Structures are given as structure tokens and as C-alpha cells.
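Asks: Dumping the structure here so I can ask a few things about it.
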Amino acid sequence: MTDTPLSGPDFSRNDGLLPAIAQDAATGEVLMMAWMNAESFAETVRTGRAVYWSRSRGKLWRKGEESGHAQTVRAIYVDCDADTILLKVEQAGAACHEGYRTCFFREVRPEGLKVVGERLVDPAQVYGKSGH
Ligand SMILES: [Zn+2]
């Protein structure tokens, strides 16, 4: 096995925003997908905590800063095209702002959407009535 020269995600693509998938480091469960820019990626690498870019708020989103549901990063991967990021994380509480462990708590079935996840927390308790 040989290492390729060290280079990270290519933020010159997609207007500097790359999709980042968070996966449970222990179980492999896919928890969520969010966006990263170069700044959020650098802070994630530096701090070992997942930091994303919030497109809706137009600022860095330090996962868990409001909810306490932070992600401790155990490993970072980049895909073959260097334009998708994979984080293997330890998730505190619920990854999803709707209170589910994973954002993918709904299964698409022929008859429609079926909620297959279990709600861990009430979002109103976590984020207050303002939500986000
Ligand atoms: Zn979610």
C-alpha cells in the first residue's frame, strides 16, 4: 500500500461547498449530510469536532453548539474525486435537528414515507420554540 501525496478536498469545485457525510464510527450508520467549505473543514481537522457551513444561515455551524449534540471526529475520508467528504464520528445524542439519531429516519416505500427511526429527543426541548 502506498500513500498518494497529501492533499485534501478540492474546494475549488462546487463554489467552494462540498457535501460532507457523517457516519457513526462504531456502527456505520449514516447520520446526516451537510456542507463544508474550506474554513469549516480546516476547523474540523484542527479541533476534532465536526463544523459545517450552514447555507441557510450563511455562517459556520459548529455541530452541537445549540443542541449539545456534538460530533467527535474519529476519521476523515475524501472520495475518489476529492469532492465529497466522509466523517466517521461519535455522535452525542441526536444527529438530526428533528430529534432522531439519524436524519434518514424516513423510508420511502411504494405507499409513501414511513417513519422507521425512533425519536430520541423532543426538538422543542433542545432548540426552544424558535427552532431553526
Ligand atoms: Zn436531520
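Just so you know, all these numbers are worked out from the coordinates, no wet-lab data involved. The structure displayed is predicted, hence computed values, not measured ones. No Cβ is skipped: glycine too gets one built from the backbone with ideal geometry, and neighbour counts run over all protein chains shown.
Asks: Out of residues 5 or more away from LEU31 or on other chains, whose amide H comes under 5 Å of its own, with H placed 1.01 Å from N in the peptide plane?
Replies: Correct list: ALA22, GLN23, ASP24.
Asks: Once you place label points 7 Å from the Cα toward the Cβ at ASP81 and THR27, how far apart are they in nm?
Replies: Computed distance between label sites ASP81 and THR27 equals 3.0 nm.
Asks: Would you kindly compute the Cα radius of gyration of the chain and its largest Cα-Cα separation (Dmax), both in Å?
Replies: So, for the chain, Rg and Dmax equal 15.6, 52 Å respectively.
Asks: Along segment 19-24, what does the Karplus equation 6.51 cos²θ - 1.76 cosθ + 1.60 (θ = phi - 60°) give for ³J(HN,Hα), rounded to whole Hz, x for Gly and Pro?
Replies: Whole-Hz 3J(HN,Hα) from phi for segment 19-24: x, 10, 9, 9, 10, 5.
Asks: Could I ask something else about it? Using DSSP to call loops (not H, G, I, E or B), can you name the GluC sites (Glu not before Pro) in segment 1-89 whose Cβ has at most 15 other Cβ atoms within 10 angstrom?
Replies: Numbers: sites: GLU29, GLU39, GLU43, GLU65, GLU66; in loops: GLU29, GLU65, GLU66.
Of the GluC sites (Glu not before Pro), the ones in loops of segment 1-89 whose Cβ has at most 15 other Cβ atoms within 10 Å are GLU29, GLU65, GLU66.
Asks: Expressed in nm to one decimal, what extension gain is obtained for the pair ALA92 and ARG13 from 0.36 nm per residue of sequence separation less their Cα-Cα distance? Numbers along the way, then the final one.
Replies: Values: separation 79, 0.36 × 79 = 28.44 nm, distance 3.12 nm.
Stretched out fully, the ALA92 to ARG13 stretch lengthens by 25.3 nm.
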